[in-house]
Amino acid sequence: MFFYDRFFPIINKDNTKYKYKTVVGIGGNEGDVRKRFRNLYIYLKRSSLVSISETSPILRNPPFGYLDQDDFYNAVMVIRTSLSPKAFLKFLLHVEKIFGRKRSFKNAPRTLDLDIIFFEDIKINDKTLNIPHSSWSKRESVVLPLLNLKRKI
């Protein structure tokens with residue numbers, strides 16, 4: 001089921017002053033996730049490190065991996081940045097922390113999860129970063145929001 005919210009979906013003017021285009025998957029299932037997504041949008045909109053080009057509608061879907069938890073809300077954001085992929089990952093991890101993310105175990109409930117799905121046509125496969133995201137094409141939580149973007153990525 002898709003939800004439409006104040007900033008999801010939205011299309012902004014593509015800010016070409018930033019060097020790279022990236023697609024970020026966002027998710028969460030603890031607390032008021034849809035409100036958190038709105039606050040995330042506002043937080044990122046105010047950052048000088050990124051520019052939001054587009055967001056998808058919000059998808060509500062069941063958890064996978066660890067099943068004894070609430071449904072997830074997921075969306076994707078197309079973001080422009082001049083940060084390198086590793087610096088962008090560090091930025092996203094910092095944002096997760098600001099929004100209360102705690103890492104307890106794999107596939108655990110979470111306030112906010114930010115994953116780099118694509119970063120231009122760059123491919124990285126190391127201990128800290130996999131681009132494109134290793135299982136993006138197998139996850140409805142990514143594929144369905146991607147299909148709802150208006151611009152071609």
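Residue-level check: of (1) among the hydrophobic types (A, V, I, L, M, F, W, C); (2) in contact with a strand residue (DSSP E or B) (Cβ under 9 Å, 6 or more places away or on another chain); (3) closer than 22 Å to PHE7 by Cα, ILE98 misses just (2).
The set of residues from the stretch 116-148 being within 11 Å of the chain's Cα centre (by Cα) and within 14 Å of PHE64 (Cβ to Cβ) comprises SER141, VAL142.
ASP14: under 20 Å from LEU147 (Cα atoms) and over 17 Å from the mean Cα position of the chain (by Cα), yes or no? Against the criterion (under 20 Å from LEU147 (Cα atoms) and over 17 Å from the mean Cα position of the chain (by Cα)), ASP14 qualifies. Screening ARG110 with (1) at pLDDT 90 or above; (2) surrounded by 16 or more Cβ atoms within 10 Å (Cβ to Cβ) gives one miss only, at (1).
What number of residues within the stretch 119-141 satisfy the criterion of being in contact with a helix residue (DSSP H, G or I) (Cβ under 8 Å, 6 or more places away or on another chain), surrounded by 13 or more Cβ atoms within 10 Å (Cβ to Cβ) and not in a loop (DSSP other than H, G, I, E, B)? Adding up the residues that qualify gives 4.
The values are calculated or read from the model by the stated rules, or taken from the named source; none is laboratory data. All of these numbers come straight from a predicted model, not from anything done at the bench. Please note: Cβ atoms are built from the backbone with ideal geometry, for glycine as well, and neighbour counts cover all protein chains shown.
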